[in-house]
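Peer 1: Questions regarding the structure given below will be posed in turn.
The values are calculated or read from the model by the stated rules, or taken from the named source; none is laboratory data. As the structure is a computational prediction, the values presented were derived from the model and not from experiment. Cβ sites come from the backbone with ideal geometry, for glycine too, and all protein chains shown count toward neighbours. In case anyone asks, the SASA skips ligands and DNA or RNA and just uses the protein heavy atoms, side chains included. Shrake-Rupley method; radii C 1.70, N 1.55, O 1.52, S 1.80 Å.
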Amino acid sequence: MIYEGRTQVPFSYSRWGYTRGNGKTWHGGIDLVGLDSDRILMPTYNGKSISGQVATARKVDKSTGNATWEWGWYVCVKLDADQTPDAVNYLYFCHNQENLVKVGQKVKSGDALAIMGNTGNAA
């Protein structure tokens, strides 16, 4: 669960896959909206608690020329080893209004990471 309560995918184009630029641009994530809460929580994986360390917690401004400006305020968590089938896992939580965690902080499922927002290139 990434939000307490109900979660919505507000637009068909905000799903993971080739959805932007008339189906020519890869959108490698899913845009979610918390309907009952605006706090973004560290999720579970396959119903099990997971943990990791905050690798990035910052804002990228459009003026930098860095393509990640589209994410606005974002948090990246590097998952601890052996929690999923992949060797290395990073979870990104983007377009935040405000980040609630700091780089180096340990987090686990259920911890609040950020406040939902629409910073960067967000609808």
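Peer 1: Tell me the Kirkwood radius of the chain: reciprocal of the mean inverse pair distance over distinct alpha-carbon atoms, in Å.
Peer 2: With all distinct Cα pairs of the chain included, I get 15.0 Å.
Peer 1: Hey, any idea what % of the chain's accessible area is carbon plus sulfur with a 1.4 Å probe?
Peer 2: Ligands and nucleic acids excluded, carbon and sulfur reach 48 percent.
Peer 1: What Kirkwood hydrodynamic radius do you get for the range 74-123 when you take the inverse of the mean 1/r over all pairs of distinct Cα atoms, in Å?
Peer 2: That comes to 12.0 Å for the range 74-123.
Peer 1: Then there is this: Please find the FRET efficiency linking K62 to V88, where r is the Cβ-Cβ separation and R0 is fixed at 30 Å, and quote it to the nearest 0.05.
Peer 2: Values: r = 29 Å, r/R0 = 0.97.
Taking R0 as 30 Å, the efficiency between K62 and V88 is 0.55.
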